[in-house]
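Student: Next up is a structure, given as structure tokens.
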Amino acid sequence: MKKIFSKLMLVAIAALTFVACEDVPEPYDIPGTGENIPGTSTVIDGGTGTGTVSDPFNAIAAINYGKSLTSGEESDKYYYVKGKVVSIKEEFTSQYGNGTFYISEDGTAKNQFYAYRVLYLGNNKYAEGDEQIKVGDEVVVCGIITNYNGTIETAQSKGFLYSLNGENRGGEPKDPTPAAEPTGTGTKDDPYNVSGVLNYIKTLGTQESPNQVYVKGKISQIKEEFTTQYGNGTFYISDDGEAGNEFYAFRIYYLGNKKFANGDEQIKVGDEVIICGNVVNFKGNTPETVQNKAFLYSLNGKTAGGDDTPPAGEAKGSGTLEDPFNPVAAIAYAQSVGDNESPKDIYIKGKVSSIKEQYGTQYGNGTFYISEDGTASGEFYVFRALYLGNQKYTSGDLLKEKDEVIICGRVTCFKGNTPETVQGKAFLYSLNGKTEGGGGTTPEQPTGEAKGDGTEANPFNSVAANAFASALASGAESDRDIYIAGKVVSVKEQYGTQYGNATFYISDDGTATDQFYVFRALYLGNVKYTSGDLLQKGDDVVICGRVTNYMGNTPETVQGKAWLVSLKSNGGGGDTPGGDTPGGGEVSGNTITIDFTTMGLGNAQEIGTLTLTDGTKLAFNAGSNRNAPKYYDSGSAIRMYPNNFFTATATAGKTITAITMTCSANNAEGQVSASPGSVAVDGMTVTVNAVNAATTTVTNTHTGTGAASQLRISQMVITYAE
């Protein structure tokens, strides 16, 4: 108890300090605002409880206690934390036996505590037939509390669900088996054990190992089985095959340093393996193999060679047309960008190693892998790149394996772990030496003029904001708030009540030229979003806050330290403190026709309520699905996932008699119900008849998953009673 009081005293002292905010990589995908975020050291009011089973911490008290721990430190005892489930990141499964979710005092997104990979009731693994957790459930979690890079959470494999809606099955806190003593030298004849490789990686900082090492252990968890589609697999190993003190084998090739093929033996939990490859401490906190630079050397004693040739090779090139990156260098560059878009176009040269989606006239793009020599070693992922001349494919030579290509465009490390080109922002510059029109059309590079001084009276434009942030040292944060004005180019994460912030791009003219990255900015008034107008392409905005030069190559606002000062819709009307998303629609007689492609919706924008020209409202809702309806440029449609629904409410004085929806081509299997109303499906046309009411709700009742389970609506006609 004495130690608890001393730590709480440290929290009070910490309230006088300010710590820079850090991003947290996968698998710790933490909401961008609230109080449980990296860098927040202020004590939060409202903490209750002492952390015992009879007097649990509430989420606020658990967060306050965790803030007294230094980064990476764990509590010296188990604590009990009580709250309501806010959101579920990983449901409990029988495969791993654990679950990951957020809890708070009242079930809202404010002051969330992160229950990370906790076991089930009774401190046992979850089994088929056990009750699954749901949003709103009242729970008590028991576990070791840790400060993971500033995020307060339960320590992996050191927590369990003590109580679920009042039910508990006992279960005593228990520490996992202590980590084994480090052994091995990392050679084929003397592999590291897991403790040994974790110790070795600590010496690397954030750098990749200069050579391959060998690591021996037992598979404890399988994240991605080996597949013939990608040829690799992702899993965890530990010294004893149990969760805890694990090493992450990330997208490694199969035996013999080759892609997995039909007929090859699949891995299982408990298998004894040896892994060969380069390793890294990803972003300084996740020890793992380097993607495309590691393979399964041994599976239960079975080997197939492959250890004499490094899986990737040497990075070469500077990314210019005259000196293109090779695929290995492109991978390294994309990894440095992280889950952001590169600030400039780069050139990558290599040979086609495999083709996932051939160029065709339907979409006009292609998806494929390239490597230095056209083999699976050291591949870079070219995702939906346009054809020669930066145009959609209409005709011309198709790709073949071993073709020599040059790619030009923006790149990213998708979700922090897949280096690839950015969809729609890369193209095939050269195919076996052939370029379109004597060199193709290179995407525009930033050429605009920097304007403004960053003050409220004279905000930076996007060019000046990029220049200002780029001048900062890598990872450094500006020492003052700056103002930036521009037009919305695209919306990556729309404002919503779950996290209260948004991520989007702005530029002077609303095009992708000279765009600046606004990362997880709060809403008008520097508060979380609860209601109000959403962002649309072309909206005039002013942003205020701190900026940073993230990873030394991505100028952006600092998470949680920037906000929307003003929002003027592209239809005019001044600042928008509240209301529904401006809609559209063309009224003709007793019908209104809505073309969602003309409403200025951003790609991947979550749809809330659309107010049409005549006052009718379309309110879209996630229902029981975790994914809310969203608009996507691909297919130019609103995607409604299984159990999503929308409610159409007619403008005052009108009654709806029918709703006719035109869907995109890959939605033939969409299943729909309406209340009130009957539904008829004719190919890609879905019609709701016999409504005869002012309000009706239309639901996607499909029970499957994937594209075929989605109702994709590109146009809608609402018919009113005469």
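The values are calculated or read from the model by the stated rules, or taken from the named source; none is laboratory data. All figures in this text were calculated on a predicted structure; none of them were measured in a lab. Positions of Cβ are backbone-derived with ideal geometry, glycine not excepted, and every protein chain shown enters the neighbour counts. Accessible surface is based on the protein model in full, side chains and every heavy atom, while ligands, DNA and RNA are left aside. Shrake-Rupley method; radii C 1.70, N 1.55, O 1.52, S 1.80 Å.
Student: Restricting attention to the range 115-144, which residues are hydrophobic (A, V, I, L, M, F, W, C) and open to solvent by less than 30 Å² (accessible area, probe 1.4 Å)? Break it down into steps so the answer makes sense when it comes.
Tutor: So the first thing to find is which residues in the range 115-144 are hydrophobic (A, V, I, L, M, F, W, C), and the list is 115, 118-119, 121, 127, 133, 135, 139-142, 144.
Across the range 115-144, the qualifying residues are 115, 118, 121, 133, 139, 140, 141, 142, 144.
Student: Moving on. Scan the range 405-422 for residues that are open to solvent by 80 Å² or more (accessible area, probe 1.4 Å) and not in a loop (DSSP other than H, G, I, E, B) and jot them down. Quick ask: steps written out before the conclusion?
Tutor: At the first step, the residues of the range 405-422 found to be open to solvent by 80 Å² or more (accessible area, probe 1.4 Å) are 414-415.
Within the range 405-422, 414 is the sole residue that qualifies.
Student: Additional query: Please verify whether the range 97-105 includes one or more residues that are in a loop (DSSP other than H, G, I, E, B) and under 25 Å from residue 220 (Cβ atoms). Working first, answer last.
Tutor: Taking the range 97-105 and keeping what is in a loop (DSSP other than H, G, I, E, B), we get 97, 105.
Cutting the leftovers down to under 25 Å from residue 220 (Cβ atoms) gives us 97.
Taking every residue of the range 97-105 in turn, at least one turns out to be in a loop (DSSP other than H, G, I, E, B) and under 25 Å from residue 220 (Cβ atoms).
Student: How many residues are under 23 Å from residue 113 (Cα atoms), out of contact with any helix residue (DSSP H, G or I) (no Cβ under 9 Å at 6 or more places or on another chain) and either open to solvent by 40 Å² or more (accessible area, probe 1.4 Å) or outside any strand (DSSP E or B) (or both) when one looks only at the range 154-204?
Tutor: 6
Student: In addition: Only one of these conditions is not met by residue 384: (1) open to solvent by 50 Å² or more (accessible area, probe 1.4 Å); (2) closer than 30 Å to residue 519 by Cα; (3) in a loop (DSSP other than H, G, I, E, B). Which number is it?
Tutor: Against the list (1) open to solvent by 50 Å² or more (accessible area, probe 1.4 Å); (2) closer than 30 Å to residue 519 by Cα; (3) in a loop (DSSP other than H, G, I, E, B), residue 384 comes up short only on (3).
Student: Please list, ordered by first then second residue, the pairs with beta carbon atoms under 8 Å, 6 or more apart or interchain, first in the range 509-526 and among the small types (Gly, Ala, Ser), second in a loop (DSSP other than H, G, I, E, B) and open to solvent by less than 20 Å² (accessible area, probe 1.4 Å).
Tutor: Final answer for the pair search is 521/501.
Student: Let me ask another. Could you list all residues from the range 282-298 that are under 21 Å from residue 202 (Cα atoms), of a type in the set (S, T, N, Q) and buried (at least 20 other Cβ atoms within 10 Å of the Cβ)?
Tutor: We begin by selecting, within the range 282-298, every residue under 21 Å from residue 202 (Cα atoms); these are 282-291, 293-294.
Still in the running and of a type in the set (S, T, N, Q): 285-286, 289, 291.
If the condition is that a residue be under 21 Å from residue 202 (Cα atoms), of a type in the set (S, T, N, Q) and buried (at least 20 other Cβ atoms within 10 Å of the Cβ), then 289, 291 are the ones that fit.
Student: Six or more apart or on different chains, Cβ under 8 Å: which pairs go from a residue in the range 635-652 that's in contact (Cβ under 8 Å) with a residue 40 or more places away in the chain and outside any strand (DSSP E or B) to one that's surrounded by 19 or more Cβ atoms within 10 Å (Cβ to Cβ) and among the basic types (Lys, Arg)? Could you list them?
Tutor: Pairs found: 635/712.
Student: Inside the range 530-560, can you point out the residues that are part of a loop (DSSP other than H, G, I, E, B) and more than 20 Å from the chain's Cα centre (by Cα)?
Tutor: Filtering the range 530-560 down to residues part of a loop (DSSP other than H, G, I, E, B) leaves 530-539, 551-553.
Result: 530, 531, 532, 533, 534, 536, 537, 538, 539, 552.
Student: Moving to a separate point now. Quick check on my filter: what residues within the range 509-529 are basic (Lys, Arg) and either under 16 Å from residue 602 (Cα atoms) or in a strand (DSSP E or B) (or both)?
Tutor: Our first condition is that a residue be basic (Lys, Arg); within the range 509-529, this holds for 520, 528.
Residue satisfying the conditions is 520 alone.
Student: Sort out which residues of the range 230-273 are under 18 Å from residue 180 (Cβ atoms), part of a strand (DSSP E or B) and either open to solvent by 10 Å² or more (accessible area, probe 1.4 Å) or in contact with a Phe, Trp or Tyr (Cβ under 6 Å, 6 or more places away or on another chain) (or both), and write them in order of number.
Tutor: Result: 236, 237, 248, 249, 272.
Student: Check the range 307-317 and report whether any residue there is within 22 Å of residue 264 (Cα to Cα), open to solvent by 30 Å² or more (accessible area, probe 1.4 Å) and free of Cβ contacts under 8 Å to residues at least 12 places away in the same chain.
Tutor: Taking every residue of the range 307-317 in turn, at least one turns out to be within 22 Å of residue 264 (Cα to Cα), open to solvent by 30 Å² or more (accessible area, probe 1.4 Å) and free of Cβ contacts under 8 Å to residues at least 12 places away in the same chain.
Student: Please state which one of 479, 508 is more than 20 Å from residue 569 (Cα to Cα), among the acidic types (Asp, Glu) and touching a strand residue (DSSP E or B) at 6+ places or on another chain (Cβ under 9 Å). Walk me through how you get there before you give the answer.
Tutor: Details: 508 fails: more than 20 Å from residue 569 (Cα to Cα).
Sole residue among the options that is more than 20 Å from residue 569 (Cα to Cα), among the acidic types (Asp, Glu) and touching a strand residue (DSSP E or B) at 6+ places or on another chain (Cβ under 9 Å): 479.
Student: Which of the residues that make up the range 625-634 are open to solvent by less than 50 Å² (accessible area, probe 1.4 Å) and in a loop (DSSP other than H, G, I, E, B)?
Tutor: 625, 628, 629, 634
Student: Would it be correct to say that residue 602 is assigned to a loop (DSSP other than H, G, I, E, B), over 27 Å from residue 721 (Cα atoms) and within 20 Å of the chain's Cα centre (by Cα)?
Tutor: On the way: assigned to a loop (DSSP other than H, G, I, E, B): yes; over 27 Å from residue 721 (Cα atoms): yes; within 20 Å of the chain's Cα centre (by Cα): yes.
Criteria met by residue 602.
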